[in-house]
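Beneath this line is the structure, given in structure tokens, with notes to follow.
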Amino acid sequence: MRSVARPAGSCPQAPPLRDTGPVSTPEPAPAPLRLGTRGSALATTQSGLVARRLEELLGRPVELVRIRTEGDVKTGSLASLGGTGVFVTALREALLDGRCDVAVHSLKDLPTAQPADLTIVTPEREDPRDALCARDGLTLDTLPRGARVGTGSPRRAAQVQAARPDVELVDIRGNVETRLARALGPDADLDAVVLALAGLTRLGRTEVVTQALDPVVVAPAPGQGALAVEARTADLLPGSPLAEAFAALDHRPTRLAVLAERAVLARLEAGCAAPVGAHARVEAGELQLTAVVARVDGTEQLTHSATAALAADGAPLDHTAQDDAATALGVRVAESLLADGAARLAPLVGGTGEPRTGEDDDVAPRPGVEPLRTPTGTDDPEGA
């Protein structure tokens, strides 16, 4: 084969261009889903768990958007803060004005009335029990007389005082590590603190727990241990990716339990200053609920338990019927507590005997009754 000589410095000619049709361009990466959260270590840890699950379900990135709430700014005791969801309102405003697409709350922080333009689902709940974190491995029974026990929750304080009238309850605020340091740190001024086991589990701090408190002794707050994932109702159109992800997140046994517990709170119209506990669980095809109302000083408390069937003729009820049964169970238990005199023990607007009539408001005003700003489960969020 004969080679062809080329002038020095010349390059081979490129082959002629041919029309190969339209050039495909890569699809742009999906925009991140913006997830609103409070900024504490506990809140961001909880929100991170939800964010990772949403990334799996949606196949798109999720970014955390930190929102400062009224409860994060104010420094008074939780009972004195009052107000409609002091740890919730700013997150909901961020959702509604488009600064985030989804928000994560500790469920027990939410007011019991759900706005129609927002929808929540409840992932599977962590252990709802309270945890004693005490020096030297002490338990509730072995704390010495006069021991100082810290909590920011009137509910925890009242029930611990009822179990141990000889200990001193100290009102505390601060994040989880700040509270733990009050009992376990080098400058500790308390013998123990009471926090929610769920929060400690999510933070990977269960080694500090010296006793998980039996709900028979200290009933948890309604909704304790559960998260609420919230979005704009308009964004959850049937068949949409977000609606399908929300359906996958929702855990039926958790949903039914917290519906019953929060129905107790709503019927009693108990605010965060009222020592009210409730614990529900699904067992063998029925929903079991126990609720407690205590006097603030722990000197007296009332307890009522009941069950509701979740199946009929051997077949499970449909979801709407189960939801209705859970709510009715909570109302029934609350009314039994009121009939036994619960309003004598704690500040309960529901003790007037009139059902709550507000929609997405706080508590509807009624003649002769000073309106409580909200029936809310807010019960020491950083103790969550």
Return the total of residues in the stretch 318-336 being of a type outside the set (Asp, Glu) and in contact with a helix residue (DSSP H, G or I) (Cβ under 7 Å, 6 or more places away or on another chain). 8
Complete set of residues in the stretch 89-147 that are acidic (Asp, Glu) and over 19 Å from ALA245 (Cα atoms): GLU93, ASP97, ASP109, GLU126, ASP127, ASP130, ASP136, ASP141
The listed residue being under 25 Å from GLY271 (Cβ atoms), assigned by TED's automatic domain parsing to the domain that holds LEU265 and not in a helix (DSSP H, G or I), out of VAL229, VAL194: VAL229
Among the residues of the stretch 53-78 satisfying the criterion of being modelled with pLDDT of 95 or more and assigned to a helix (DSSP H, G or I), which is surrounded by the fewest Cβ atoms within 10 Å (Cβ to Cβ)? GLU56
Where residues in the stretch 172-195 are farther than 14 Å from VAL208 by Cα and among the charged types (D, E, K, R), which of them is surrounded by the most Cβ atoms within 10 Å (Cβ to Cβ)? ARG173
Kindly evaluate LEU200 against the criterion of being under 18 Å from the mean Cα position of the chain (by Cα), over 25 Å from ARG38 (Cβ atoms) and in a helix (DSSP H, G or I). no
Hits in the stretch 328-351 (condition: crowded, with 16+ Cβ neighbours inside 10 Å and under 18 Å from GLY285 (Cβ atoms)): LEU329
Would you mind telling me which numbered condition in (1) outside the structural domain of ILE120 (by TED's automatic domain parsing); (2) without any contact (Cβ under 8 Å) to a residue 60 or more places away in the chain; (3) assigned to a loop (DSSP other than H, G, I, E, B) GLU207 fails? (3)
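Conditions (1) surrounded by 24 or more Cβ atoms within 10 Å (Cβ to Cβ); (2) touching a Pro at 6+ places or on another chain (Cβ under 9 Å); (3) over 30 Å from ALA234 (Cβ atoms), marked per residue:
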{"site": "PRO115", "(1), (2), (3)": "no, no, no"}
{"site": "THR119", "(1), (2), (3)": "no, no, no"}
{"site": "THR122", "(1), (2), (3)": "no, no, no"}
{"site": "ALA131", "(1), (2), (3)": "yes, no, yes"}
{"site": "THR139", "(1), (2), (3)": "no, no, yes"}
{"site": "GLY146", "(1), (2), (3)": "no, no, yes"}
{"site": "ARG155", "(1), (2), (3)": "yes, yes, yes"}
{"site": "GLN161", "(1), (2), (3)": "no, no, yes"}
{"site": "PRO165", "(1), (2), (3)": "no, no, yes"}
Residue by residue through the stretch 291-322, note down the ones that are acidic (Asp, Glu) and surrounded by 13 or more Cβ atoms within 10 Å (Cβ to Cβ). ASP297, GLU300
Among the residues that make up the stretch 5-26, is at least one of them modelled with pLDDT under 95, among the acidic types (Asp, Glu) and under 16 Å from the mean Cα position of the chain (by Cα)? no
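The values are calculated or read from the model by the stated rules, or taken from the named source; none is laboratory data. It should be emphasised that the depicted structure is a prediction, and the values quoted were computed from it without experimental measurement. All Cβ positions, glycine included, derive from the backbone under ideal geometry; neighbour counts span all protein chains shown.
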